[in-house]
Amino acid sequence: MDTREPVQITVEGQTLLVTLDRPKANAIDVATSRALYAAFDRLRNDASLRVGILTAAGDRFFSAGITEFFDIGKPVIAAVNGLAYGGGFELVLAADLVVAAEHAEFALTEVTLGLVADAGGLLRLPARLPRPIAVECLLTGRRLTAAEAARWGLVNRVVPAAELMPAARELAGAICASAPLAVAAALEILRETEATSVGTGYSVLRSGALPAYRVMLDSQDAKEGARAFADRRRPQWEGR
């Protein structure tokens, strides 16, 4: 009997590395879904953590299965090392940034199994792709290569397999170099305005209804950023 944990957690500085490890296809069952929830709840609540990287063990399957997770106020990078099908693709779509190995593929295959992609795929894919392409993927289960996913803007970077985790860590490091309250505010503003017009977005910004944005505006970090720019030095972020 395989007694390994389905989700491995590692802290690397200010980054939480979350690794799916459930052979053969890293399929997501109830226990794995709960473990993922616990991992990202830790990312949400641990002030010392700035960014999460979600990846998978092995080099063939990123994930296949059904799950969903919601906004946690900190960026998550999906490092896709293989086939991201069904719920695996939905996990990728829930991430904020995506780095993919050259051999990675993406597909929402639910319709070929008599189901629909109701753990986020039907909601998120049409917002990321031109509607005809999204509808084709949703109604046929067709696969997107990493190169095609990058061409449509679904993927930030496509790299050789050996460079996948270094590329994801580099991206995480760049985020950690930014002001934490500003990163949280940017994510909040994106979440609350990305489906609105520019005019409505400005109204939301001025409404006072965005707590992370309000905190950022009055923060010591905002003052520190201005001082550091004037002094021509690197800012020292305190997250307050």
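The values are calculated or read from the model by the stated rules, or taken from the named source; none is laboratory data. Small disclaimer: the values here were computed from a predicted structure and weren't measured. As a convention, Cβ positions derive from the backbone with ideal geometry for all residues, glycine included, and neighbour counts pool all protein chains shown. All accessible areas refer to the heavy atoms of the entire protein, side chains included, with ligands and DNA or RNA removed. Shrake-Rupley method; radii C 1.70, N 1.55, O 1.52, S 1.80 Å.
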| message | Taking the conditions exactly as written (in contact with a strand residue (DSSP E or B) (Cβ under 8 Å, 6 or more places away or on another chain), surrounded by fewer than 19 Cβ atoms within 10 Å (Cβ to Cβ) and of a type in the set (A, V, I, L, M, F, W, C)), does residue 161 satisfy them or not? | response | yes
| said: Quick check on this structure: which one of 196, 200 is part of a loop (DSSP other than H, G, I, E, B), without any contact (Cβ under 8 Å) to a residue 12 or more places away in the chain, among the polar types (S, T, N, Q) and more than 26 Å from residue 58 (Cα to Cα)? | reply: 196
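Do we find that residue 99 is modelled with pLDDT of 95 or more and open to solvent by 60 Å² or more (accessible area, probe 1.4 Å) in this structure?
Taking the combined requirement at face value, the residue does not satisfy it.
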| query | Across the range 13-41, which residue is most open to solvent (accessible area, probe 1.4 Å) among those that are more than 17 Å from residue 91 (Cβ to Cβ) and under 17 Å from the mean Cα position of the chain (by Cα)? | reply | 14
| Given (1) open to solvent by less than 30 Å² (accessible area, probe 1.4 Å); (2) in contact with an Asp or Glu (Cβ under 7 Å, 6 or more places away or on another chain); (3) touching a residue at least 40 places away in the same chain (Cβ under 8 Å), index of the condition residue 172 fails | (2)
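Identify the residue in the range 38-55 that is assigned to a strand (DSSP E or B) and aliphatic (A, V, I, L, M) and, among all such residues, is nearest to residue 5 (Cα to Cα).
Step one: list which residues in the range 38-55 are assigned to a strand (DSSP E or B), which gives 51-55.
Retained after the next criterion (residues that are aliphatic (A, V, I, L, M)): 51, 53-54.
On the way: 51: 22, 53: 18, 54: 15 Å.
Looking at the filtered set, the residue picked out is 54.
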| query | In the range 102-118, which residue that is more than 25 Å from residue 171 (Cβ to Cβ) and among the small types (Gly, Ala, Ser) is surrounded by the most Cβ atoms within 10 Å (Cβ to Cβ)? | reply | 117
| query | Within the range 133-158, which residues are over 16 Å from the mean Cα position of the chain (by Cα), within 16 Å of residue 104 (Cα to Cα) and open to solvent by 40 Å² or more (accessible area, probe 1.4 Å)? | reply | 142, 143, 145, 147, 151, 152
